[in-house]
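J.: Just passing along the structure, written as structure tokens.
Taken together, the values in this text are just the output of simple stated rules run on the coordinates, not laboratory data. All figures in this text were calculated on a predicted structure; none of them were measured in a lab. Cβ placement follows ideal geometry from the backbone for every residue including glycine, while neighbour counts extend to all protein chains displayed.
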Amino acid sequence: MSTSPAAIRIDRRDQVGYLVLSDPQRRNPLSKATMEAATAHLRSLDADRDIRVIVIAAHGPAFSAGHDLAEIVDRTEAEERAIFSACTELMETIHRVHQPVIAQVQGMALAAGCQLVATCDLAVASDTARFSTPGVKIGLFCSTPMVALSRAVGRKRAMQMLLTGQMIDAATAVDWGLLNAAVPAERLEQTVTELAGAVAGSSGETLAIGKRAFYQQIDLSEEDAYAQMTETMSANAVTRDAQEGISAFLEKRTPSWQPADQWSI
């Protein structure tokens, strides 16, 4: 099966790793090659424990138009499965990496592009950004985007987007829980930089423990979630960084977090 070339750029600035979709003329489609490259780059950033936060951004007027539809025409079911499996692996990798992942959305995020935003741990967009899952209009229901979308915005709102394919604006996306914030375009990069800095200032080990715990408990019953998180918090409490952070708070000083090679996880 032929695929479009990967279109990803990686950058590192201080403690933040940037994964940038870089095919602006085609509105940054998520080709199979691009999704596989993004997954590989995320795993590389995951292995770099000096990176505390990952930002997924894009070049051009659109964040992502979703799957490269040219790849989905005249394929066997096995070939189609390989494309959507690559998408699933990318989304699951976003949750598996130890760093919090922030989506920086400057334009339209459609279908799998909307799924990518919904999957990220945090998301900030330009106030002119738009979001939709329009697959129903071309006969291909957005079933895999539905997984992330329904968990971000809830059943009724997800079904509205999925069944109509209609766009929602950035303000609505904030109200529905798809975004953390929408800001003027000229403030987007600075807002994400500040958010990433606020996250990166904490213990990297604690961030990793907390992110993993969040996704472990989110779909459990309340009883099971409390049981599992009691164990998680107990183990967290005896780590060096937890003891250092609590002591620093009580002593009214800045904590000194341990280097990544000394983490207990």
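J.: With only Lys, Arg, Asp and Glu charged, each at its Cβ (+1 for the first two, -1 for the last two), find how big the charge dipole of segment 8-200 is about the Cα centre; round to the nearest 20 debye.
T.: Working: 19 positive and 22 negative charges, 74 e Å.
My answer is approximately 360 debye.
J.: Relative contact order of segment 8-200: what whole-number percent is it, with Cα pairs under 8 angstrom and at least 6 residues apart?
T.: Details: 395 pairs, mean separation 37.8, N = 193.
The normalised contact order for segment 8-200 reaches 20 percent.
J.: Could you compute the FRET efficiency for Asp127 and Gln216, with r as their C-beta to C-beta distance and R0 at 45 Å, rounded to 0.05?
T.: Given R0 = 45 Å and the Cβ-Cβ separation, E is 0.85.
J.: What is the packing order of peptides 212-224, 161-173, taking the mean over residues of other C-beta atoms within 10 Å and listing the highest first?
T.: Numbers: 212-224: 12.1, 161-173: 17.8.
Sorting 212-224, 161-173 by mean packing, highest first, produces 161-173, 212-224.
J.: Quick check on segment 1-104: what does the Kirkwood estimate of hydrodynamic radius come out to from the alpha carbon pairs, in Å? Intermediate values should be presented prior to the final figure.
T.: Details: mean 1/r = 0.0713 Å⁻¹.
14.0 Å is the Kirkwood radius here.
J.: Return the ratio Rg/(2.2 N^0.38 Å) for segment 204-262, where Rg is computed over Cα atoms only.
T.: On the way: Rg = 13.4 Å, N = 59, 2.2 N^0.38 = 10.4 Å.
Working it through for segment 204-262, the quotient is 1.29.
J.: What angle do you read, to the nearest 10 degrees and between 0 and 90, between the alpha-carbon axis of helix 240-250 and the longest principal axis of the chain?
T.: With both axes taken from Cα atoms, the answer is about 70 degrees.
J.: Let me ask something else. To the nearest Å, what is the center-to-center distance of segment 192-265 and segment 88-133, using C-alpha atoms only?
T.: Cα centroid to Cα centroid, the span is 23 Å.
J.: Restricting to bridges with both residues inside the chain, how much of the DSSP beta-bridge set is antiparallel, in percent to the nearest 5? Working shown, then result.
T.: Details: 8 of 28 bridges.
Here the antiparallel bridges make up roughly 30 percent for the chain.
J.: Need the list of lysines near Lys137 for cross-linking: C-alpha distance under 29 angstrom, and skip anything on the same chain fewer than eight residues off.
T.: Lys32, Lys156
J.: Given the Cα atoms of the chain, and with Rh set as the inverse mean 1/r over their pairs in the Kirkwood sense, what is Rg to Rh to two decimals?
T.: Working: Rg = 19.2 Å, Rh = 19.4 Å.
Result: Rg/Rh = 0.99.
J.: If you don't mind, another one. Quick check: net charge around Ser22, other residues with Cβ under 11 Å of its Cβ, Lys/Arg +1 and Asp/Glu -1? All intermediate terms of the calculation are to be shown ahead of the outcome.
T.: On the way: positive: Arg9, Arg26; negative: Asp11, Asp23.
In short, 0.
J.: If R₀ is 25 angstrom, what is the calculated FRET efficiency for the pair Glu223 and Ser264, using the beta carbon separation as r and rounding to 0.05?
T.: Details: r = 27 Å, r/R0 = 1.10.
About 0.35, to the nearest 0.05.
J.: By counting other Cβ atoms within 10 Å of each Cβ, how are Phe63, Phe249 ranked from fewest to most?
T.: Phe249, Phe63
J.: Still on this structure, please answer the following. Report, to the nearest 10°, how far helix 32-47 tilts away from the longest principal axis of the Cα atoms in the chain, using its own Cα long axis and a range of 0 to 90°.
T.: Approximately 0 degrees, to the nearest 10.
J.: As a check on your grasp of the helix formula, calculate [θ] at 222 nm for the chain: sum -39500 (n - 2.57) over DSSP H runs of n ≥ 4, divide by the residue count, round to the nearest 500. Working shown, then result.
T.: Values: 10 runs with 126 residues, N = 265.
The helix-only estimate for the chain comes to -15000 deg cm²/dmol at 222 nm.
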